[in-house]
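Asker: Take this structure, written in C-alpha cells, and hold onto it; I'll ask about it next.
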Amino acid sequence: MNDHSKPQPATARKSGPLSGKARLPGDKSISHRAFMFGGLASGVTRITGLLEGEDVLRTGEAMKAMGARIEHNGAEWVVQGTGNGCLLEPAQPLDFGNAGTGVRLTMGLVGPYDMKTRFIGDPSLSKRPMGRVLDPLREMGTQVLEAEPGDRLPITLRGPKHAAPVSYRVPMPSAQVKSAVLLAGLNTPGVTTVIEPVMTRDHTEKMLAGFGAALEVEIDAEGVRHIRIEGQGRLQGQVIAVPGDPSSAGFPLVAALIVPGSDITIENVLMNPTRTGLILTLQEMGADIELMNRRSAGGEDVADLRVRSSELKGVRVPPERAPSMIDEYPVLAVAACFAEGETLMEGLEELRVKESDRLSAVANGLKANGVDCTEGETTLSVHGAPEGKGLGGGTVETHLDHRIAMSFLILGLATEKPVTVDDRAMIATSFPEFMGLMADLGAEIE
C-alpha cells in the first residue's frame with residue numbers, strides 16, 4: 001500500500017437480511033508463523049489457506065531477505081528454509097508496513113544473530129512501542145544500535161557473538177512478547193524459559209513443537225505456565241493448512257446478529273480456546289451462534305458457525321478475558337450498540353498500543369454516531385439502543401487501523417442513518433476479501 005495515496009472513504013447503509021455462506025481468509029497469527037518457521041526450517045514447508053494480506057506478505061518478504069526461498073504455486077505456498085541458525089544478514093532494511101506481529105516476532109528471531117538488522121514500517125507502525133520485545137532481547141545480549149524515542153521504529157539491532165539464554169517472566173499478557181523470546185531462544189545455546197502468568201494464544205508453542213523444536217510447557221501449582229525451549233536444535237519443514245481467522249470472523253458474525261432476519265454460515269473458523277473470547281461473550285449476550293462440523297486441522301480445532309440475528313442484552317466482560325479477544329473489542333463494541341442495557345468491557349489497556357490508540361478510536365467513532373458510551377483508562381461502557389434507533393450519520397476517523405474501519409462499516413449495516421469511515425484502504429492489511437465477502441452476504445457497503 002502506498003502510504004501517501006489518497007484516502008478511500010466507504011459508507012455502510014441499513015441492509016436487508018444477510019444470508020449465505022462465508023469462507024474466511026486464513027488466520028493471521030498462524031500465517032505469520034508459517035512463513036517464519038518454514039523460512040527457518042530445513043527442507044520444504046507447504047502452506048495452504050495462507051492469509052494473503054499485506055501484513056503476512058511483509059513477513060514473507062523479510063524471510064526471503066534473510067535467505068529463505070518462497071514461491072506461490074496456485075493455492076499453495078512453497079517455502080525452502082535456511083535451516084535453524086543460518087539466516088543471512090539482510091542487505092536492506094526490513095519494511096514491515098503495518099505489521100505489528102511480523103516486526104515484533106522477527107525482532108525476536110534475529111535478536112541472537114551476530115548481524116545487523118534494521119526494521120522500518122509505515123507511520124502507524126512507527127508510533128507503536130517496541131520496548132516490550134527489546135527488553136528481553138537486551139537481556140540476551142542484543143544491542144539496540146538505533147531507535148526512535150520510546151523504542152519506536154526505525155530500529156537497528158546488532159546481535160551478540162554468543163547470546164545468553166534467559167528466564168523471562170512476561171510483565172503483561174502478550175503473545176507477541178512470549179513468541180519473540182521463544183524465537184530468540186531458537187538460536188541461543190541452552191534453555192530459554194518464558195514464564196507466562198496469564199495464558200495468551202499458544203500458536204507459537206504448538207507450531208514450534210510441530211516443526212520439531214525441543215519445547216515443553218509446564219503449569220505450576222499457581223496455574224502459571226513455564227515454557228522452555230532448547231536452542232540450536234533442528235527444525236524440519238512441514239505441511240500446514242491454515243484455518244480461518246477468528247478475528248476476521250467477528251465482522252460477518254456481528255453483522256448477522258444485528259441485521260434483523262439474517263442467517264449466515266461462516267466456514268472453517270479456528271476454535272483454539274485462546275482465541276474464542278468474542279464468541280463466548282456474544283453467547284452470554286444472547287447471540288444465536290451454532291457450532292457445526294467441529295473437527296481438527298493441523299493440530300488446531302476448527303468449526304463452522306451458523307449465526308442468526310438475535311436480541312442481545314448487555315453484559316460485563318471481565319478483564320481476564322481480554323487476552324482471548326484483544327483484537328475483537330472494536331466489533332464487540334458495535335454489537336453492544338444494539339444490546340439492551342449496558343455492556344462494560346474491562347482490562348483494555350492493551351488497546352492503547354495497537355495500530356492506533358484503539359480504545360479512544362472506538363469511543364470517538366461511537367460518539368460520532370450517537371452511541372451513548374464512556375471511555376475509561378482501561379474500560380469502555382456502551383449503552384445500547386435496540387434496533388439502532390437514532391444511531392449513525394457520522395464519519396469515523398480510522399487512524400490507519402484496519403479493525404476500526406471494518407468494525408464501523410459493520411455498525412452502519414443496522415443503524416438508522418449511514419456510517420462512513422474516512423479510509424478503507426488499510427483493510428487490505430488483514431482482510432483483503434472483506435468488501436466482497438460482505439457484499440456477497442447482502443451488506444450494503446460502497
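Asker: Among E444, E433, which is the only one that is farther than 24 Å from A339 by Cβ and surrounded by fewer than 24 Cβ atoms within 10 Å (Cβ to Cβ)?
Answerer: The conditions single out E433.
Asker: For the condition in contact with a Lys or Arg (Cβ under 8 Å, 6 or more places away or on another chain), without any contact (Cβ under 8 Å) to a residue 60 or more places away in the chain and more than 17 Å from V353 (Cβ to Cβ), what is the one hit in L94, L137, L88?
Answerer: Values: L137 fails: in contact with a Lys or Arg (Cβ under 8 Å, 6 or more places away or on another chain); L88 fails: in contact with a Lys or Arg (Cβ under 8 Å, 6 or more places away or on another chain).
Every option except L94 fails the conditions.
Asker: Could you list, in sequence order, all residues of region 14-50 that are more than 22 Å from the chain's Cα centre (by Cα) and in the same structural domain as D423 (by TED's automatic domain parsing)?
Answerer: Hits for region 14-50 are K14, S15, G16, P17, L18, S19, G20, K21.
Asker: Name the residues in region 277-321 that are under 30 Å from F211 (Cα atoms) and acidic (D, E), would you?
Answerer: E300, D301, D304
Asker: So which strands (runs of 3 or more DSSP E) stay within region 150-201 end to end and still have 2 or more residues that are basic (K, R) and either in the same structural domain as T82 (by TED's automatic domain parsing) or surrounded by fewer than 23 Cβ atoms within 10 Å (Cβ to Cβ) (or both)?
Answerer: 152-158
Asker: Name the residues in region 70-116 that are under 24 Å from the mean Cα position of the chain (by Cα) and among the β-branched types (V, I, T), would you?
Answerer: I70, V78, V79, T101, V103, T106, V110
Asker: Restrict the check to region 409-429 and report whether at least one residue is farther than 28 Å from P318 by Cα, surrounded by fewer than 19 Cβ atoms within 10 Å (Cβ to Cβ) and of a type in the set (K, R).
Answerer: yes
Asker: Quick one: in region 8-20, which of the residues that are of a type in the set (G, A, S) and not in a loop (DSSP other than H, G, I, E, B) is nearest to L88 (Cα to Cα)? If you could, list the steps in order and put the result at the bottom.
Answerer: Filtering region 8-20 for residues of a type in the set (G, A, S) gives 10, 12, 15-16, 19-20.
Add one more test, that the residue is not in a loop (DSSP other than H, G, I, E, B), and what stays is 10, 12, 19-20.
Values: A10: 42, A12: 47, S19: 49, G20: 47 Å.
Result: A10.
Asker: When you scan region 21-123 for strands (runs of 3 or more DSSP E) that lie fully inside it, which ones turn up with 1 or more residues that are aromatic (F, W, Y)?
Answerer: Where strands (runs of 3 or more DSSP E) fall fully within region 21-123 and carry at least 1 residues being aromatic (F, W, Y), they are 76-80, 116-120.
So that you can scan it fast, the table gives a plain yes or no per residue for (1) of a type outside the set (D, E, K, R); (2) free of Cβ contacts under 8 Å to residues at least 40 places away in the same chain:
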site: R358; (1), (2): no, no
site: D372; (1), (2): no, yes
site: G384; (1), (2): yes, no
site: G393; (1), (2): yes, yes
site: F408; (1), (2): yes, no
site: I427; (1), (2): yes, yes
site: L437; (1), (2): yes, no
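Asker: So, one more: Look at V254 and say whether it is closer than 20 Å to G412 by Cβ, surrounded by 17 or more Cβ atoms within 10 Å (Cβ to Cβ), in the same structural domain as D440 (by TED's automatic domain parsing) and among the β-branched types (V, I, T). Break it down into steps so the answer makes sense when it comes.
Answerer: Working: closer than 20 Å to G412 by Cβ: yes; surrounded by 17 or more Cβ atoms within 10 Å (Cβ to Cβ): yes; in the same structural domain as D440 (by TED's automatic domain parsing): yes; among the β-branched types (V, I, T): yes.
Spelling it out, V254 is indeed closer than 20 Å to G412 by Cβ, surrounded by 17 or more Cβ atoms within 10 Å (Cβ to Cβ), in the same structural domain as D440 (by TED's automatic domain parsing) and among the β-branched types (V, I, T).
Asker: Among what's in region 265-312 and is basic (K, R) and in contact (Cβ under 8 Å) with a residue 12 or more places away in the chain, pick the residue that is farthest from Q238 (Cα to Cα). Walk me through it before giving the result.
Answerer: Applying the first criterion (basic (K, R)) to region 265-312 yields 275, 294-295, 306, 308.
If we keep only those that are in contact (Cβ under 8 Å) with a residue 12 or more places away in the chain too, we end up with 275, 294, 306, 308.
Working: R275: 23, R294: 23, R306: 32, R308: 38 Å.
Restricting to residues being basic (K, R) and in contact (Cβ under 8 Å) with a residue 12 or more places away in the chain, the top hit is R308.
Asker: Continuing with this model, one more query. Can you name every residue in region 350-384 that is polar (S, T, N, Q) and within 18 Å of V315 (Cβ to Cβ)?
Answerer: The answer is T374, T378, T379, S381.
Each row is one residue, and each column tells you yes or no for (1) at pLDDT 95 or above; (2) on the phi > 0 side of the Ramachandran plot; (3) surrounded by fewer than 24 Cβ atoms within 10 Å (Cβ to Cβ); (4) of a type in the set (A, V, I, L, M, F, W, C).
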{"site": "R33", "(1), (2), (3), (4)": "yes, no, no, no"}
{"site": "M36", "(1), (2), (3), (4)": "yes, no, no, yes"}
{"site": "L40", "(1), (2), (3), (4)": "yes, no, no, yes"}
{"site": "G43", "(1), (2), (3), (4)": "yes, yes, yes, no"}
{"site": "G53", "(1), (2), (3), (4)": "no, no, no, no"}
{"site": "A62", "(1), (2), (3), (4)": "yes, no, no, yes"}
{"site": "T82", "(1), (2), (3), (4)": "yes, no, yes, no"}
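The values are calculated or read from the model by the stated rules, or taken from the named source; none is laboratory data. These numbers come from a predicted model, not from an experiment. All Cβ positions, glycine included, derive from the backbone under ideal geometry; neighbour counts span all protein chains shown.
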